Structure formats: structure tokens, C-alpha cells
Amino acid sequence: MDVFELEDDADLLYEEDVIRTPYEVKPWVRYLEHKANSSQKNRNLLYERALSFIPGSYKIWLPYLQERVHAVKGLCIDHPAYGHVNNVFERALVFMHKMPRIWQEYLKFLTIQHFTTKTRKAFDRALQSLPITQHNKIWPLYLNFVKLTKIDELTARVYRRYLKLEPDDIEEYVELLVQMGKFGEAAERLAGALNDESFISKKKKSRHDLWMDLCSIISKHPDQVTNLKVEEIIRQGLSKYTSEVGRLWVALADFFIRGAHFEKARDIFQEGIMTVVTVRDFSLIFDAYTKFEESLITAKMEQMDDEDEENKSENENENENTTISTPPPKRSNSLPVAAGVSIKHSLITSKSTTIPTTIPATTIPTTTTIPT
């Protein structure tokens, strides 16, 4: 068992003071200041003595916890000392659960230990214990923690809870959804912000910039944007923002191209070319239209080449199979087949002319003896 040691005679004065008034904070604080150069073990014992008399003292708990955290810095995170400090924090929160600073110190300490589930539950406990007016001191730490975990579903769930308290931070959540590849939800959240006339961007973006961001998301990812009417949204932008209608026409055509509706995309390009009034918008649409047609032609040519190669390979395979299944006919005297046939035929013809006339006609050999 650890025993507190008196290091000099001056300690006796402070000992008498704390023995006389053990339930007051100031004598303990003065004693701790006097023992500032003492060993960490001795100071910890002095803190524990003070807390045994006044466990609800914030002025004792906070410096004690900070010193315990500082003492384990540099150690491996699986060192047993981390577990001891966690236990001290849990003891402190029995009395200090309404103090946001204690929660902040504890949550920072848990974050560096990389205990995902334990840290998440501690954040939830902090939000449950503190009044809502002090939640703004916990949420920045919570959001930073879920980003470090790199768990997409956990991050999305925590941000959805956070937006109920701070809906103006929707842009940060949208950027995070785009990074995670959740384009459908990103488009829905951004559309909801645009529908809110009172929404003001914290990143100082105009409504036109937000609208263009929305059109970019929904046109490039039609497979995930299923709950929004994309064509109506972009056409509404065409009538609302006339300064960059070329980009919107291209975005609408791109939406149909990515959905494999090529004829519809061609109609959109032609409609855009017929309706724009500036050279800049016309050139933008025309360039995109020509690239689209070139890509279609290139794809068809590649498809035809692939079909030709497949047909060629099939013919080669058929020829190989025929050669293997039907062996060539026997050849005599190393002569070509056609030459052999003509020579034999001439020989038979010459012999047939020397047949005596006394032989009956029935004995004349028939043509069936000619080799085929």
C-alpha cells in the first residue's frame, strides 16, 4: 500500500492546516502548490487524500486529471497506465458529470486510445448528461472523432444527429457524403437547403453556386439519384439562371448519356443549340455535342471490330475442327490429287479402247471403278 511521505518540516504546517479544516478546498490547494516539485506518486496520493474529504471539488479534480493524463504521454496506448487513468476519469464523472470541461478532457483522452465503441458511448453519455446549451462544447470533438474512425455509416449517423442541432452546417455534411460516394443523399440534402429560402451558406456560396453543385451531382450520378426529378430541377435552373444556361444544358444531356438514353441526350443537345442566345453557350453545347457523337462513332467502330475478330476466330476454329475430323484422301506417287485423277482416268480410257469385240458388253467395267 502506498503511503504519503513528509519530505520536510514545512510539510507539517500544511498538514496541520488540512487536518484542522479537511472539508475546505483552499488548504488542500495551498498544500498541492507547496508540493509542486514533489514526485508524481506523492502528489497523486495527496490528491486522493483531498478527494476523500471533498469529492465534489472541481478545483481538485481538474488539475488531478490533467496531471494523470500528462504522466502517461509517451507510453504505448496499450500500457496498463491508460486503464488506470480511465478509471480515475470514471470516478470523477460520478460527481462531475455536469462539468463539460471534465467530459472534454476524458473524451480527448479516449480518442487517442482508438477505442471506437467505448469512445462513441462516452460521447453519447456526455450529450445525455449535459444540458443542450452546452452541447456545442462536445459536438466538435464528436465530429472529429467519427472522421478519424473512417467508418462511413457511423459518420453519417452522427452527422444526421448533429444537423438536428445545427442545420446550417449542411454543406459540410454534403461534402462528406460526396467523399463517401453517397451521392443520392447528398443531392437530397442540397435540394432541401435550396428549397429553404432562409438558408444562408456558411461558406459564403451564393444560391447559384449551390444550384450548380446540385446539378453537377445529379447529372453525374443518375443511378443513385432516384428520389429527385432531375430533368425538372435542371429545367427550373435554366429558367432561373440565364447567365450559364450552356452548362445546365450540358449537365442535362450528361444525365441522359450516363443513363444510356442516347436519343434523348441528342434531343437535349439540339434543343439547347436552338434556344441559347450567346456565342459562349452555343460553343459550349456544340463542343459537348460533337464529343458525344465522336464517342458514339468510336464505340460503334470498336464494336464492329470486336464482332469481326469474333467471327474470324469462330471461322478458324471451324476450319481446325474440319481438318481434324476429315483426314485428307490418299495420294499416289506424291502427285497432286487432281493430277492423279486425270491420269488414272486417261489410263482407263485407253484400256477401254483395246478391249476385244468378242467380249460381251456386260463384262466391260463400269465407271464405278474410277476412284473418287
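Ordered from largest to smallest accessible area (heavy atoms of protein chains, 1.4 Å probe), the residues 304, 274 come out as 274, 304. With a Förster radius of 22 Å applied to the C-beta separation of residue 48 and residue 113, the computed FRET efficiency comes to 0.40. The Rg/Rh ratio for the range 191-275 is 0.99, where Rg is the radius of gyration of the alpha carbons and Rh is the Kirkwood radius.
Per residue, the solvent-accessible area of the range 45-91 (1.4 Å probe, heavy atoms of protein chains only, all protein chains present) comes to 49 Å². When the residues 266, 91 are ordered by accessible surface, computed with a 1.4 Å probe over the protein chains alone, the sequence from largest down reads 91, 266. For residue 312, list the lysines whose Cα falls under 24 Å from its own Cα; do not include residues on the same chain fewer than 8 positions away. Correct list for residue 312: 300. Each residue was assigned an accessible area with a 1.4 Å probe, and for residue 197 the value is about 140 Å². Backbone geometry of the range 192-201 corresponds, through the Karplus equation with coefficients 6.51, -1.76 and 1.60 at θ = phi - 60°, to 3J(HN,Hα) couplings of x, 5, 5, 6, 8, 5, 8, 6, 10, 5 Hz, x marking Gly and Pro. Take the Cβ atoms of residue 150 and residue 310, set R0 to 35 Å, and the FRET efficiency comes out at 0.20.
Overall, the accessible surface of the range 54-95 at a probe of 1.4 angstrom is composed of carbon and sulfur to the extent of 63 percent. Note on residue 199 and residue 226: the model spin-label points, each 7 Å out from Cα along the C-beta direction, lie 2.3 nm apart.
Note on the range 184-246: Lys pairs 8 or more places apart or on different chains, Cα atoms under 22 Å apart, count 6.
Rolling a 1.4 Å probe across the protein heavy atoms gives the range 168-312 an accessible surface of 59 Å² per residue. The phi-based Karplus calculation (6.51 cos²θ - 1.76 cosθ + 1.60; θ = phi - 60°) puts the 3J(HN,Hα) values of the range 179-184 at 5, 7, x, 8, 6, x Hz, whole numbers, x for Gly and Pro. Fully extending the segment from residue 79 to residue 66 would add 2.9 nm, taking 0.36 nm per residue of separation and subtracting the current Cα-Cα distance. For residue 213, neighbours were defined as the other residues whose beta-carbon sits under 10 Å from its Cβ, and their charges (Lys and Arg +1, Asp and Glu -1) total -2. Among the aspartates and glutamates, which fall within straight-line cross-link reach of residue 35, defined as a Cα-Cα distance under 12 Å, with same-chain neighbours fewer than 8 residues apart omitted? Counting by Cα, and skipping residues close in sequence, residue 35 has these aspartates and glutamates nearby: 5, 7, 8, 11, 15.
When the surface is traced with a 1.4 Å probe over the full set of protein chains, residue 147 keeps roughly 90 Å² accessible.
Straight-line cross-link partners of residue 108 among the lysines, defined as a Cα under 19 Å from its Cα and at least 8 positions apart when in the same chain: 73, 98, 118, 121, 137, 147, 150. Across the accessible surface of the range 120-180, with the other protein chains kept in place and a 1.4 Å probe, carbon and sulfur atoms take up 50 percent. Remark: relative contact order (the range 135-257) = 20 percent; criterion is Cα-Cα distance under 8 angstrom and separation of 6 or more residues. A 1.4 Å probe over all protein chains sorts 64, 162 by accessible area into 162, 64, starting with the largest. Other residues whose C-beta falls under 15 angstrom from the C-beta of residue 204 contribute a net charge of -3, scoring Lys and Arg +1 and Asp and Glu -1.
The values are calculated or read from the model by the stated rules, or taken from the named source; none is laboratory data. All values derive from a computational prediction rather than experimental measurement. All Cβ positions, even for glycine, are placed from backbone atoms using ideal geometry, and neighbour counts span all protein chains on display. Remember, those area values only see protein heavy atoms, side chains included, never the ligands or the DNA or RNA. Shrake-Rupley method; radii C 1.70, N 1.55, O 1.52, S 1.80 Å.
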